[in-house]
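Have a look at the structure below, then the notes.
The values are calculated or read from the model by the stated rules, or taken from the named source; none is laboratory data. Quick caveat: nothing in here was measured; it's all calculated off a predicted structure. Here the Cβ is made from the backbone with ideal geometry for all residues, glycine too, and neighbour counts use every protein chain on show. When the accessible area is computed, the model is the full protein with side chains, heavy atoms only, and any ligands, DNA or RNA have been set aside. Shrake-Rupley method; radii C 1.70, N 1.55, O 1.52, S 1.80 Å.
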Amino acid sequence: MISSEVLFAASEGLHARPAGELVKMVKSMAPTKLTLTCGAKKVNAASMLSVLSLGLKGGTRVVVEADGGNEQEALEQVVRYLASLT
């Protein structure tokens, strides 16, 4: 398992469309399991409701963890995606 922290900078927070794109990306990376942690809450990044339940706002730090499969590439893709949302 590997992890990386990313600053979520989208001023409007994470809403349905980008969350859906993230979940779709994560599902395509199976069997690699990805999780997102924000504060004390850790969720499965392949679940739309779980991702939205984090309530990500601009300036929030998120830890992305990847386990199994092609974890390095999967981790880098998710971190890049989250960092690119503005």
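Details
- A single member of S28, S11, S4 is open to solvent by 50 Å² or more (accessible area, probe 1.4 Å) and either in contact with a helix residue (DSSP H, G or I) (Cβ under 6 Å, 6 or more places away or on another chain) or modelled with pLDDT under 95 (or both), and it is S11.
- Residue in the stretch 31-41 that is surrounded by fewer than 18 Cβ atoms within 10 Å (Cβ to Cβ) and in contact with a Cys (Cβ under 8 Å, 6 or more places away or on another chain) present: no
- Taking residues in the stretch 46-68 that are in contact (Cβ under 8 Å) with a residue 60 or more places away in the chain and more than 23 Å from T86 (Cβ to Cβ), and partners anywhere that are open to solvent by less than 40 Å² (accessible area, probe 1.4 Å) and part of a strand (DSSP E or B), the pairs with Cβ atoms closer than 6 Å and at least 6 places apart or on different chains are E65/T35; A66/L34.
- Selection count, the stretch 53-86, where residues are in a loop (DSSP other than H, G, I, E, B), open to solvent by less than 70 Å² (accessible area, probe 1.4 Å) and more than 15 Å from T35 (Cβ to Cβ): 4
- Residue match in the stretch 22-31 (condition: farther than 17 Å from Q72 by Cα and not charged (D, E, K, R)): yes
Residue-wise test of (1) in contact with a helix residue (DSSP H, G or I) (Cβ under 6 Å, 6 or more places away or on another chain); (2) at pLDDT 95 or above; (3) over 14 Å from L7 (Cα atoms).
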{"residue": "V23", "(1), (2), (3)": "yes, yes, yes"}
{"residue": "G39", "(1), (2), (3)": "no, no, no"}
{"residue": "G58", "(1), (2), (3)": "no, no, no"}
{"residue": "E65", "(1), (2), (3)": "no, yes, yes"}
